[in-house]
Amino acid sequence: MKTLPQDGMWGGLLLWLVLATPAARGFLEASMSLQMLVQMPLLGLAGYLLARHLPERVRRVLASWDRGGVSGLLLAAVVSLPWMLPRLMDAALAAPWVELAKFTSLPLLIGLPLALSWPRAGLVVRGVFLMEMVATAFRVGWLYLVAPQQLCVNYLVDDQQRLGTALLVLGVLATLVLACQLMWGHPRGAALR
Amino acid sequence: MASLVLYPDDERLPRAAGITLNFYLVTALVLFLAMMALGLGMRSSQAGWLGLPPDWFYRFLSLHGAGMVGTASLVTTAIMWFFLRKYVQLHLWAFVANYVLFIIGLWCIVLSVMAGSYAGLWTILYPLPVHSQGMWSREAGAIFMLGYLGIGMGQLLFYLDAAAGIIARYGNFSRALGLQWLFGGEIDQAHPKAVVASTGVLIANTLGLLAGTVALVMSLANAVYPSIELDPLLIKNLIYWFGHMYPNATIYMGCIAVYELLPRYTGKPFVMGRPFLWAWLATVLYVVLVFPHHLLMDFAQPRWLSVMGQLASWVGGFPVFVVTAYGALVNIHRSGIRWNMPARLLVLSMFGWMAGIVPAILDGTIAVNMVMHNTQWVPGHFHFYMLLGVLSMALAFMFHLVGQRHGQVPPDSGGDRGSLPVYLLGGLVFLFGFLGGGRTSVPRRMAQHIDAWTLTDRIGSIGAMLVVLAMLYFVVRLVIGLLRPVAQAAGDGDGLADAAR
């Protein structure tokens with residue numbers, strides 16, 4: 001199995017702490033788009049970087065439950081679903097325990113499993129994950145755009161519609177990048193099946 | 001390069017794979033016959049020979065449309081799997097998963113139609129599935145769409161496995177499509193046409209499936225939360241993006257059988273040149289861009305999309321079928337081909353594809369479309385290339401496999417020779433019933449016809465009866481043949497193409 005590089009050991013923890021500062025939270029939670037498209041991915045990235053600190057023994061135990069990366073990617077996909085709901089994004093601003101859940105679940109249950117499972121996953125598993133991710137971006141973006149009323153107390157309708165547009169644009173970009181990679185690139189994971 | 005050996009050793013399947021393939025093929029045969037029976041019932045009802053109540057007509061029409069295209073996809077997926085697995089590593093689990101998800105999806109569709117009275121047609125056009133005016137429940141519409149999701153997910157798994165196999169062997173899709181030889185260089189004649197076709201199909205159809213899953217999940221969201229209102233034109237575009245590519249993919253998967261099998265019966269290799277590679281590239285682009293030709297009558301559609309649909313129809317519609325059909329004719333010319341069942345059906349499939357695509361491209365022309373699109377011209381063209389094109393490819397493949405189980409000699413019994421003309425004649429009569437109806441402006445998708453429309457309905461019904469009769473023979477013959485164990489070759493080296501001629 002490919003091992004994760006050990007450089008930048010404290011990067012993940014530092015990023016996590018910086019994101020938790022009131023200034024960063026205040027800035028990144030000021031709009032729905034920033035919260036979903038910047039803060040949440042950065043929290044995931046912090047978990048991804050933290051995976052480098054896991055002792056080899058823990059990794060081996062986790063690996064025995066994660067054949068082909070399926071369990072980890074499934075966990076990441078399932079945990080990411082509720083964080084796309086406007087109600088939870090809204091609640092994170094009002095209820096500290098929801099904010100705490102966000103700051104722990106995104107790094108530990110999305111970023112970290114992704115870091116551990118992605119190298120184990122073959123092209124089929126990666127393909128299912130990425131296709132679902134792209135399709136979800138389109139679906140959620142569309143839903144935000146057509147939602148008949150303001151979905152959050154803290155965010156206005158124009159904000160949720162901006163997020164919807166941004167998700168659709170991201171879906172298109174991700175499709176193009178994936179298509180180009182498959183067409184002309186050197187896609188990894190084909191050998192791991 | 002495709003083998004010239006009639007039954008090469010690398011096509012001998014391990015037991016589990018053979019059983020799975022038989023599940024695919026037997027299921028497809030039974031479903032084809034059942035869906036044809038529904039079609040015959042509907043045409044007979046339009047002809048005034050059968051008093052099918054209108055609600056049942058539309059239920060049957062929904063089941064027939066979804067069932068036929070799904071079955072065509074099932075059987076041509078089996079063709080793609082059977083030949084592609086010789087060149088790249090494919091996993092049986094993906095092939096099995098596709099079958100299982102297809103069956104689950106099929107049962108959802110059957111349940112929705114038969115128990116839930118769903119009659120909103122295969123097109124599931126928003127908001128019809130959940131706004132039936134009391135004809136069927138919201139749940140029935142949702143279950144029908146869930147059935148589509150199941151079938152699509154299975155197909156996606158199969159394509160991803162195929163993509164992984166192709167990339168592991170060729171590095172990326174570009175090299176698998178042979179794009180490195182588009183402008184120069186010596187083309188590797190050993191590069192399999194099955195790989196080129198499979199790569200083209202999976203690129204295009206995966207994009208279609210992506211559009212389809214978005215449209216389906218959004219429609220399901222609307223079914224659960226009716227306050228979420230969708231843009232009907234946008235969702236129609238997505239449905240036809242998926243709905244055009246999915247049936248087209250059956251042709252492109254099916255024609256792998258032509259590339260692989262025809263050379264064995266003619267004893268001549270099917271030469272791959274630059275036009276072949278260009279044609280497949282054009283097809284990948286065409287099939288992605290052409291879907292707006294289904295929406296030429298939607299006045300709210302942006303004009304540029306309609307123009308794109310027409311241009312794509314005219315520019316991209318021809319290349320693959322021209323190079324395939326021309327290649328097949330060159331392959332047959334002076335080959336001394338022996339006309340047994342697989343060979344006859346392969347050639348018939350070329351005719352069905354070619355002849356069917358002409359009225360299709362005509363209908364993709366805005367000026368013609370405005371007059372013909374709501375007439376029976378449209379079922380005339382797609383039945384042409386599905387019935388005489390795709391089904392003939394599938395039957396040729398299955399007859400070829402039956403020969404493997406009968407002393408490695410391709411079938412050509414008296415019954416076979418007698419049933420094929422019945423199938424062809426019945427098919428042509430049936431199809432010209434539709435096309436003739438289109439010519440006289442008989443509308444399509446109408447349960448009840450006025451007297452002035454029934455002449456072509458009756459002609460079509462007679463043709464359909466002959467087709468069902470021939471198909472009944474094919475089903476019995478092929479199911480019995482496929483379930484026999486594979487025969488051992490008479491000796492090493494036997495089974496060469498010469499033996500077939």
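So here's what we get for this one:
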read-out: For residues of A:144-152, the mean tally of beta carbons on other chains within 10 Å; value: 2
read-out: Estimated FRET transfer efficiency when R0 is 60 angstrom, pair B:V371-A:V79 (beta carbons, to 0.05); value: 0.65
read-out: Average beta carbon contacts from partner chains per residue of B:157-165, 10 Å cutoff; value: 5
read-out: Reachable aspartates and glutamates from B:K236, criterion Cα separation under 16 angstrom, eight or more residues apart if same chain; value: B:D298
read-out: Additional length obtainable on full extension of the chain from B:I228 to B:L182, 0.36 nm per residue less Cα span; value: 11.8 nm
read-out: Per-q log10 I(q)/I(0), chain B, q = 0.11, 0.13 Å⁻¹ (Debye; single scatterer per alpha-carbon; no solvent); value: -0.92, -1.32
read-out: Residue-by-residue Karplus 3J(HN,Hα) for region B:238-245, coefficients 6.51, -1.76, 1.60, Hz, glycine and proline x; value: 5, 5, 6, 4, 5, x, 7, 5
read-out: Cβ-placed point charges (K, R +1; D, E -1), dipole of chain B about Cα centre in debye, nearest 20; value: 540 debye
read-out: ³J(HN,Hα) computed for each position of region B:371-387 - Karplus, 6.51 cos²θ - 1.76 cosθ + 1.60, integer Hz, glycine/proline x; value: 9, 9, 5, 8, 10, 6, 4, 5, x, x, 6, 6, 5, 4, 7, 7, 6
read-out: C-alpha long axis of helix B:303-316 to longest principal axis of chain B, angle in °; value: 30 degrees
read-out: For region B:170-213 and region A:139-180, distance of Cα centres in Å; value: 33 Å
read-out: Proximal aspartates and glutamates to B:K86, defined as alpha-carbon separation beneath 13 angstrom and excluding residues fewer than eight positions away on the same chain; value: B:D9, B:D10, B:E11, B:E260
read-out: Point-to-point label distance, A:L176-A:D158, nm (Cα→Cβ direction, 7 Å offset); value: 2.7 nm
read-out: Orientation-averaged projected area, Cα convex hull of the protein assembly as shown (nm²); value: 32.6 nm²
read-out: Residues in region B:365-401 reached by a label modelled at B:M465 [backbone nitrogen below 17 Å; 7 Å Cα→Cβ]; value: none
read-out: Relative contact order computed over chain B (Cα-Cα under 8 Å; 6+ residues apart), in percent; value: 19 percent
read-out: Cα Rg over Rh - region B:155-200, Kirkwood; value: 1.01
read-out: Cα-derived Rg over Rh, computed across region B:175-283 with Rh taken as Kirkwood radius; value: 1.17
read-out: In Hz, Karplus ³J(HN,Hα) per residue of region B:67-77 (6.51, -1.76, 1.60; θ = phi - 60°; x = Gly, Pro); value: x, 5, 5, x, 5, 4, 5, 4, 6, 6, 5
read-out: Tilt relative to chain A, helix A:11-20 - C-alpha long axis, 0 to 90 degrees, to 10; value: 10 degrees
read-out: Ascending count of other beta-carbon atoms within 10 Å, so fewest first, for B:E260, B:E11; value: B:E11, B:E260
read-out: Choice from A:L145, A:L73, A:L116 with maximal GNM fluctuation in chain A (Cα, 10 Å cutoff); value: A:L145
read-out: Using a Förster distance of 25 Å, the FRET efficiency for B:R274-B:H333 (Cβ separation, nearest 0.05); value: 0.75
read-out: With Cα atoms, 0 to 90° folded angle of helix B:454-482 axis to chain B main axis; value: 40 degrees
read-out: Hydrodynamic radius (Kirkwood) for region A:11-184, which is based on Cα pairs only, to one decimal in Å; value: 17.0 Å
read-out: Residue order, fewest to most surrounding Cβ atoms within 10 angstrom, among A:C180, B:C108, B:C255; value: A:C180, B:C108, B:C255
read-out: Distant-in-sequence amide H partners of B:T375 (H built 1.01 Å from N, under 5 Å); value: B:R444
read-out: Part-to-part distance (alpha-carbon centres) for region B:1-52 and region B:299-320, which is given in Å; value: 32 Å
read-out: Estimated distance in nm for a label pair at B:R303 and B:A16, the labels positioned 7 Å out from Cα along Cα-to-Cβ; value: 5.9 nm
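We did not get these values from a lab; they are worked out from the coordinates using the rules stated. Remember, it's a predicted structure, so these values are computed and weren't measured experimentally. Note: ideal-geometry Cβ built from the backbone for every residue, glycine included; neighbour counts use all protein chains shown.
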